[in-house]
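Below: one structure, written as structure tokens.
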Amino acid sequence: MPQSSSKPFSGIFISYRRTDSSGHAGRLFDKLVDHFGKDRIFMDIDAIEAGEDFVTVIEDAVASCDILIAVIGRNWLLSTTERLNDSNDFVRVEIATALRRGIRVIPILVQRASMPKQQELPESLEQLARRNAIELSDRDWQNDVRQLIGVMDRILASVGKATWQGEAVRKAEAETPGLSEEETRKVEKRTSLGVEHEGGQAGTGEYSLAVHDFERQRVAKRENRRKRTIFLAIGASVALLATVVFIGIMVLFWMMQRPAAEEPIANRNAGTQPSGQITSAPSATAVRPPPGMVYVPGGEFTMGRSQSDGGDEFEHPAHKVTVKPFFIDVHEVTCEEYAEFIQTGRPAPRGWVNSKAPTGAGRKPVTNVKWDDADAYCNEYGKRLPREEEWELAARGTKGYIYPWGNVWEARLANIHTKDLTEVGKFPGLSPYGAVDMVGNAWEWTASPLTAYPNGTLSEQPAPDSKVIRGGSYIDYPDQATTTYRVGYPARNATDYSKIGFRCVSDITQTFKPR
């Protein structure tokens, strides 16, 4: 909430990027106000008066706080790379000031985001990559926030703010189940490394105890969830066994009552099929796709994920979708393919010199392409960008795979969490229809705007021109490299498109223009 820039402040500073996580930051602000009081939480700098030096105001506000919370959503790095390179960027000033002055900085991950790597940050923010982060999940928001508050209570107690301890946290701690001796050893082993303080030294004081307590509660919660899952699995197994036995008895009874001389159904129907009638759809092998494309036969499949299957609010709920047959490119459009297209007058991607891609990039996916240029490329060759339901079907098939090749992650199959783009097809992870690199290497544009799924909700409204991108990129983690993970990204007005590429699809009846 806005606060006066001239009033001294001591408390908790929330740093966030509005285009990335304003909804989650607002929810967190409300919870912290309930516990610590409104005058102890600083979230916005909207009240900076005309003529004031906003950098100085931000630095003064951060310098007087005890904790800075850096809220990081899954677009925090993807959409802010160039902003972070601006020394006057609000987020950079806030975090860099806290790091420089030795103020406790706690990264808060929302939307299943991952911590940025040190090499992805400007020098003044490199220490952020070494901070122990806390994740707030949408599915368990209340408990996660309560545990975060417990951590902050202990940090504040260690710097003389013991009166901030809240009844809600003490009650939550009292209700936390005890851990077994083995679980306690696991937590102690994990937290004994400490949390890095300024100067690169590991901390073993009050904050380490706070993180230790936070981890104890997480392990206890995970253990309760595991026991509940086992109980439900046993119950389901018993019910399934009873059902199988019942069906077996009914089948046996039916066979005993069936007349011995009854004519087999196959014999009774012999000769009744009209001549020349097609009794089944042609197989995928009966359809010859255009060069460089594969055939996806379409049909009904489950799109998204149920809450019990993981994922986040963008992927929930799972729902049935029917898609017509189509063709899709085997791989993402490459730099050498895009080089032919820009001869039609379209602008070359950023980083190209004299309309030529960087040396050695010919067979790598083209990136730094805005949505309109990707759409124009597909249209130029008689194709189009895929709707996101088409993209997901092509990636996971009708069996509902989490990854293109199945339900078990294998790092050797996709270019994920590496240092750079690779040539298309270098990694052998194929989709059910033979497409490569459906996850990893580069994000891929789709034709669809970002909206909530049917009967689903989003905690914050997407930007008006957001288009869905799919598949993750080489810098991302496996949980973003699934066939259901979806992100909304500005089609035209973002500052960084360096990790976004695309591939095209076509309807079965479309006419193709050869390149």
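The values are calculated or read from the model by the stated rules, or taken from the named source; none is laboratory data. Predicted model, so just to flag it, every value in this text is computed and none were measured. Neighbour counts run over all protein chains shown; Cβ positions are idealised from the backbone, glycine included.
I'd like to verify a number: residues in the stretch 111-132 that are under 18 Å from Leu68 (Cα atoms) and in contact with a strand residue (DSSP E or B) (Cβ under 8 Å, 6 or more places away or on another chain), how many?
7
Pairs under 6 Å by beta carbon, first residue assigned by TED's automatic domain parsing to the domain that holds Pro462 in the stretch 296-315, partner of a type in the set (Lys, Arg), six or more apart or different chains?
Here the result reads Gly298/Lys324; Glu300/Lys320; Gly311/Arg305; Asp312/Arg112; Phe314/Arg486; Glu315/Arg305, each pair linking the stretch 296-315 to a residue that is of a type in the set (Lys, Arg).
Would you be able to say whether some residue in the stretch 344-361 is hydrophobic (A, V, I, L, M, F, W, C), in contact with a Lys or Arg (Cβ under 7 Å, 6 or more places away or on another chain) and either farther than 30 Å from Val110 by Cβ or touching a residue at least 12 places away in the same chain (Cβ under 8 Å) (or both)?
Just the residues of the stretch 344-361 that are hydrophobic (A, V, I, L, M, F, W, C), to begin with: 348, 352-353, 357, 361.
Next, from what is left, pick out any that are in contact with a Lys or Arg (Cβ under 7 Å, 6 or more places away or on another chain): none.
No, the stretch 344-361 contains no residue that is hydrophobic (A, V, I, L, M, F, W, C), in contact with a Lys or Arg (Cβ under 7 Å, 6 or more places away or on another chain) and either farther than 30 Å from Val110 by Cβ or touching a residue at least 12 places away in the same chain (Cβ under 8 Å) (or both).
Using the structure shown, decide if Val93 is modelled with pLDDT of 80 or more, touching a strand residue (DSSP E or B) at 6+ places or on another chain (Cβ under 7 Å), aliphatic (A, V, I, L, M) and more than 30 Å from Thr457 (Cβ to Cβ). Steps first, answer last, please.
Values: modelled with pLDDT of 80 or more: yes; touching a strand residue (DSSP E or B) at 6+ places or on another chain (Cβ under 7 Å): no; aliphatic (A, V, I, L, M): yes; more than 30 Å from Thr457 (Cβ to Cβ): yes.
Here the answer is no, as Val93 does not meet what is asked.
Inside the stretch 136-157, can you point out the residues that are surrounded by fewer than 16 Cβ atoms within 10 Å (Cβ to Cβ) and of a type in the set (D, E, K, R)?
Arg139, Asp140
Restricting to the stretch 465-487, and then to whatever is under 21 Å from Arg384 (Cβ atoms) and touching a Lys or Arg at 6+ places or on another chain (Cβ under 7 Å), can you tell me which residue is surrounded by the fewest Cβ atoms within 10 Å (Cβ to Cβ)?
Taking the stretch 465-487 first, the residues under 21 Å from Arg384 (Cβ atoms) are 465-471, 483, 486-487.
Retained after the next criterion (residues that are touching a Lys or Arg at 6+ places or on another chain (Cβ under 7 Å)): 465, 468, 470, 483, 486-487.
Values: Asp465: 15, Val468: 24, Arg470: 24, Thr483: 24, Arg486: 21, Val487: 24.
For the stretch 465-487, the residue satisfying everything is Asp465.
If I filter the stretch 326-335 for residues that are surrounded by fewer than 17 Cβ atoms within 10 Å (Cβ to Cβ) and of a type in the set (D, E, K, R), do I get at least one hit? First the steps, then the outcome.
Here is the first cut: in the stretch 326-335, the ones surrounded by fewer than 17 Cβ atoms within 10 Å (Cβ to Cβ) are none.
Checked the stretch 326-335: no residue is surrounded by fewer than 17 Cβ atoms within 10 Å (Cβ to Cβ) and of a type in the set (D, E, K, R).
Condition (residue is polar (S, T, N, Q), at pLDDT below 90, on the phi < 0 side of the Ramachandran plot and not assigned by TED's automatic domain parsing to the domain that holds Pro490) applied to the stretch 99-112: is it met by at least one residue? It would help to see each step written out before you state the result.
Residues of the stretch 99-112 polar (S, T, N, Q): 111.
Filter once more, so that each one left must be at pLDDT below 90: 111.
When the remaining residues are screened for being on the phi < 0 side of the Ramachandran plot, the result is none.
Checking the stretch 99-112: not a single residue is polar (S, T, N, Q), at pLDDT below 90, on the phi < 0 side of the Ramachandran plot and not assigned by TED's automatic domain parsing to the domain that holds Pro490.
Return yes or no: is Val321 touching a Pro at 6+ places or on another chain (Cβ under 8 Å) and either assigned by TED's automatic domain parsing to the domain that holds Ser466 or without any contact (Cβ under 8 Å) to a residue 40 or more places away in the chain (or both)?
Working: touching a Pro at 6+ places or on another chain (Cβ under 8 Å): no; either assigned by TED's automatic domain parsing to the domain that holds Ser466 or without any contact (Cβ under 8 Å) to a residue 40 or more places away in the chain (or both): yes.
So Val321 does not fit the description; no.
Look through Ala348, Ala394, Ala376 and report the one residue that is under 16 Å from Asp329 (Cβ atoms) and either out of contact with any helix residue (DSSP H, G or I) (no Cβ under 9 Å at 6 or more places or on another chain) or assigned to a loop (DSSP other than H, G, I, E, B) (or both).
Details: Ala348 fails: under 16 Å from Asp329 (Cβ atoms); Ala376 fails: either out of contact with any helix residue (DSSP H, G or I) (no Cβ under 9 Å at 6 or more places or on another chain) or assigned to a loop (DSSP other than H, G, I, E, B) (or both).
Residue meeting the stated conditions: Ala394.
All but one of (1) among the polar types (S, T, N, Q); (2) surrounded by 15 or more Cβ atoms within 10 Å (Cβ to Cβ); (3) within 19 Å of Glu389 (Cα to Cα) hold for Thr457, so report the exception by its number.
All conditions pass for Thr457, except number (2).
Within the stretch 48-74, take every residue that is of a type outside the set (A, V, I, L, M, F, W, C) and surrounded by 14 or more Cβ atoms within 10 Å (Cβ to Cβ) and give me the one that is modelled with the lowest pLDDT.
Residues of the stretch 48-74 that are of a type outside the set (A, V, I, L, M, F, W, C), as a first pass: 49, 51-53, 56, 59-60, 64, 66, 73-74.
Those left that are additionally surrounded by 14 or more Cβ atoms within 10 Å (Cβ to Cβ): 59-60, 64, 66, 73-74.
Values: Glu59: 84, Asp60: 84, Ser64: 84, Asp66: 90, Gly73: 87, Arg74: 80.
So the residue we want is Arg74.
Take the conditions modelled with pLDDT of 50 or more and either of a type in the set (Asp, Glu) or in the same structural domain as Tyr474 (by TED's automatic domain parsing) (or both) and apply them to Glu175. Does it pass?
Values: modelled with pLDDT of 50 or more: no; either of a type in the set (Asp, Glu) or in the same structural domain as Tyr474 (by TED's automatic domain parsing) (or both): yes.
It is false that Glu175 is modelled with pLDDT of 50 or more and either of a type in the set (Asp, Glu) or in the same structural domain as Tyr474 (by TED's automatic domain parsing) (or both).
Inspect the stretch 301-312 for any residue being assigned to a strand (DSSP E or B) and surrounded by fewer than 20 Cβ atoms within 10 Å (Cβ to Cβ) and give the result as yes or no.
Within the stretch 301-312, the subset assigned to a strand (DSSP E or B) is 301-303.
Subsequent filtering for residues that are surrounded by fewer than 20 Cβ atoms within 10 Å (Cβ to Cβ) retains 301-302.
Yes, the stretch 301-312 has at least one match.
Would you check if there is a residue in the stretch 324-344 being modelled with pLDDT under 95, part of a loop (DSSP other than H, G, I, E, B), out of contact with any strand residue (DSSP E or B) (no Cβ under 9 Å at 6 or more places or on another chain) and at negative phi?
No, the conditions are met nowhere in the stretch 324-344.
Name the residue, out of Lys399, Lys426, that is part of a loop (DSSP other than H, G, I, E, B), modelled with pLDDT of 95 or more and either surrounded by fewer than 24 Cβ atoms within 10 Å (Cβ to Cβ) or not small (Gly, Ala, Ser) (or both).
Details: Lys399 fails: modelled with pLDDT of 95 or more.
After applying the criteria, what remains is Lys426.
Taking the options Cys378, Cys335, name whichever one is within 15 Å of Thr446 (Cβ to Cβ) and in the same structural domain as Ala447 (by TED's automatic domain parsing). Steps first, answer last, please.
Working: Cys335 fails: within 15 Å of Thr446 (Cβ to Cβ).
Among Cys378, Cys335, only Cys378 is within 15 Å of Thr446 (Cβ to Cβ) and in the same structural domain as Ala447 (by TED's automatic domain parsing).
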